[in-house]
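J.: Take a look at the following structure, please.
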Amino acid sequence: MNRGMKWSAGLLAGALLLGGAALPAGTGYAASTGAVAKKAEATQVRVGLKWKGALSAQQGLLSGGRVYVPVTFLRDVVGLGLSYDAASHIYSLGDGYRKLNLAVSEYGVDPSVNGYYLSEGYRGKLIKGHIYVPYKLLNDYLGYQSSWDAKAKQLSIGSRTENAITIKNVSFNKTFKGASTKLIYPQVSGLADEAAQKSINAALQASMDRFVAQAEKDLKERSAQDREYEYDSTYVVTFNEKGVLSLVLAQSSYTGGAHGFTLTEGHTFSLKDGKELGLSDLLKSNPGYKKQLNADLTKKLKANPGYLGGFKGLTSDRNFYLKPNTLTVYFQPYEYTAYAAGTIEYDYGFNELLPKGASPFK
């Protein structure tokens with residue numbers, strides 16, 4: 001995901017941390033993209049931003065049908081701590097499993113949450129030297145919700161009411177000869193039912209154990225002449241409400257060749273009893289959900305330029321995860337599409353999949 005950043009660490013740090021999130025106007029990037037920036041600005045509309053009901057002096061932008069929020073609003077109004085790492089040229093907002101990293105380069109603003117790289121739809125913008133992130137990122141990954149006043153052109157943002165549990169990063173500490181590793185996985189605490197808590201943590205631990213076992217198998221076959229292998233794992237929480245926890249594990253490996261490989265695992269749990277939920281649990285009020293999904297997924301996959309063929313319908317009840325009001329179905333690289341397409345994801349609103357008034361959590 002490192003796009004070959006060419007910014008001066010000193011310029012970037014001074015621009016954002018000391019100058020209110022503005023990149024220096026004299027940089028090569030600002031000059032080379034001036035015409036593009038002017039064209040983009042013509043389609044942007046200023047919008048008011050409220051935090052917990054109070055209107056801020058800082059404004060967002062409506063561009064391409066999306067609201068973008070300035071990083072300084074998150075720092076100064078929402079109160080997220082902001083730091084800059086000169087070695088990696090990355091800005092960080094917040095902490096813990098929701099730490100947002102923004103890699104700023106001549107290519108744009110690439111976000112990751114807890115080390116989990118987000119897709120193109122969540123990329124930020126550099127506008128007149130200022131850094132903006134799409135509100136969708138705050139909604140889907142950082143625990144915020146909003147209401148939109150179209151007449152006043154104001155977005156009112158507040159915190160979501162989430163499950164009263166604690167989620168922490170756990171590092172898997174083990175030295176692998178011939179490989180560099182950074183292995184992080186989640187564990188939860190604070191559940192009312194201790195047995196449910198143990199069940200969830202055991203499932204998450206088991207996923208890490210499988211990944212480590214595969215790494216050990218790979219390394220037994222590695223020759224001394226091979227370059228060092230690489231193994232990384234992290235996760236992102238995508239839904240933590242209404243007695244349900246949904247998260248995505250990302251396990252990446254490089255064992256030689258042209259590129260590495262990242263395996264995605266979605267897990268959705270009931271906090272009441274620790275059960276891992278499947279599509280059949282969440283969509284049971286729609287007896288035809290599988291037929292509906294298969295028909296739409298077939299159409300979408302065939303429209304993908306990298307489609308390799310072979311999709312005949314969902315083969316797993318669990319290749320999904322939840323976001324607010326949304327169910328996301330995913331497929332691994334090579335599963336049905338070429339590697340270059342990456343992990344394929346398709347979002348479905350629950351209002352598309354369930355009868356009117358039905359809830360996936362009842």
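The values are calculated or read from the model by the stated rules, or taken from the named source; none is laboratory data. The model shown is predicted, which means the values in this text are computed figures rather than measured ones. Cβ coordinates were reconstructed from backbone atoms using ideal geometry, including for glycine residues, and neighbour counts include every protein chain displayed.
J.: Which members of the range 86-102 meet the condition of being at pLDDT 95 or above and hydrophobic (A, V, I, L, M, F, W, C)?
T.: The answer is Leu93, Leu100, Leu102.
A quick yes/no check of all residues on (1) in contact with a Ser or Thr (Cβ under 9 Å, 6 or more places away or on another chain); (2) under 30 Å from Gly53 (Cα atoms); (3) free of Cβ contacts under 8 Å to residues at least 40 places away in the same chain:
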residue: Val77; (1), (2), (3): yes, yes, yes
residue: Gly94; (1), (2), (3): no, yes, no
residue: Leu100; (1), (2), (3): yes, yes, no
residue: Ala103; (1), (2), (3): yes, no, no
residue: Asp110; (1), (2), (3): no, yes, no
residue: Glu120; (1), (2), (3): no, no, yes
residue: Leu126; (1), (2), (3): yes, yes, no
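J.: On to the next question. Can you tell which of Asp95, Asp149, Asp110 is among the charged types (D, E, K, R) and within 25 Å of Ile165 (Cα to Cα)?
T.: Asp95
J.: Something else about it: Just to check your reading of the model, which residue among Ser270, Ser246 is under 22 Å from Asn169 (Cα atoms), modelled with pLDDT of 95 or more and within 16 Å of the chain's Cα centre (by Cα)?
T.: Ser246
J.: I'd like to know if the range 258-280 contains one or more residues that are crowded, with 20+ Cβ neighbours inside 10 Å and assigned to a helix (DSSP H, G or I).
T.: yes
J.: Quick one: which residue in Asp110, Asp85 is in contact with a strand residue (DSSP E or B) (Cβ under 8 Å, 6 or more places away or on another chain) and more than 30 Å from Tyr346 (Cα to Cα)?
T.: Asp85
J.: Further question on the same structure: Hey, does the range 263-276 have a residue that's among the aromatic types (Phe, Trp, Tyr), in the same structural domain as Phe320 (by TED's automatic domain parsing) and farther than 27 Å from Arg160 by Cβ?
T.: Looking for residues that are among the aromatic types (Phe, Trp, Tyr), in the same structural domain as Phe320 (by TED's automatic domain parsing) and farther than 27 Å from Arg160 by Cβ, one finds none in the range 263-276, hence no.
J.: Take the conditions among the hydrophobic types (A, V, I, L, M, F, W, C) and without any contact (Cβ under 8 Å) to a residue 60 or more places away in the chain and apply them to Ala358. Does it pass?
T.: no
J.: Are any of the residues in the range 301-314 in a helix (DSSP H, G or I) and buried (at least 16 other Cβ atoms within 10 Å of the Cβ)?
T.: Yes.
J.: Identify the residue in the range 160-177 that is at pLDDT 95 or above and touching a helix residue (DSSP H, G or I) at 6+ places or on another chain (Cβ under 9 Å) and, among all such residues, is surrounded by the fewest Cβ atoms within 10 Å (Cβ to Cβ).
T.: Among residues in the range 160-177 that are at pLDDT 95 or above and touching a helix residue (DSSP H, G or I) at 6+ places or on another chain (Cβ under 9 Å), the one surrounded by the fewest Cβ atoms within 10 Å (Cβ to Cβ) is Lys168.
J.: Sticking with this structure for a sec: Take the range 205-236 and flag every residue that is among the aromatic types (Phe, Trp, Tyr) and in a strand (DSSP E or B).
T.: Tyr229, Tyr231, Tyr235
J.: Please determine, by comparing only the residues of the range 225-246 that are in contact with a helix residue (DSSP H, G or I) (Cβ under 8 Å, 6 or more places away or on another chain) and aliphatic (A, V, I, L, M), which one is farthest from Phe331 (Cα to Cα).
T.: Among those that are in contact with a helix residue (DSSP H, G or I) (Cβ under 8 Å, 6 or more places away or on another chain) and aliphatic (A, V, I, L, M), it is Leu245.
J.: When you go through (1) out of contact with any Phe, Trp or Tyr (no Cβ under 6 Å at 6 or more places or on another chain); (2) within 30 Å of Trp51 (Cα to Cα); (3) modelled with pLDDT of 95 or more one by one for Asn201, which number turns out not to apply?
T.: It fails just one condition, (2).
J.: Let me ask something additional. Going through the range 185-199 one residue at a time, which ones are crowded, with 20+ Cβ neighbours inside 10 Å and within 21 Å of the chain's Cα centre (by Cα)?
T.: Within the range 185-199, Tyr185, Pro186, Val188 meet the criteria.
J.: Yes or no: the range 139-150 includes at least one residue that is within 30 Å of Gln187 (Cα to Cα) and assigned to a loop (DSSP other than H, G, I, E, B).
T.: Taking every residue of the range 139-150 in turn, at least one turns out to be within 30 Å of Gln187 (Cα to Cα) and assigned to a loop (DSSP other than H, G, I, E, B).
J.: Within 26 Å of Ala215 (Cβ to Cβ) and either part of a strand (DSSP E or B) or assigned by TED's automatic domain parsing to the domain that holds Lys99 (or both): is that true of Leu245 in this structure?
T.: no
J.: Next up: Is it true that Ala37 is modelled with pLDDT under 95, surrounded by 12 or more Cβ atoms within 10 Å (Cβ to Cβ) and within 23 Å of the chain's Cα centre (by Cα)?
T.: No, not satisfied.
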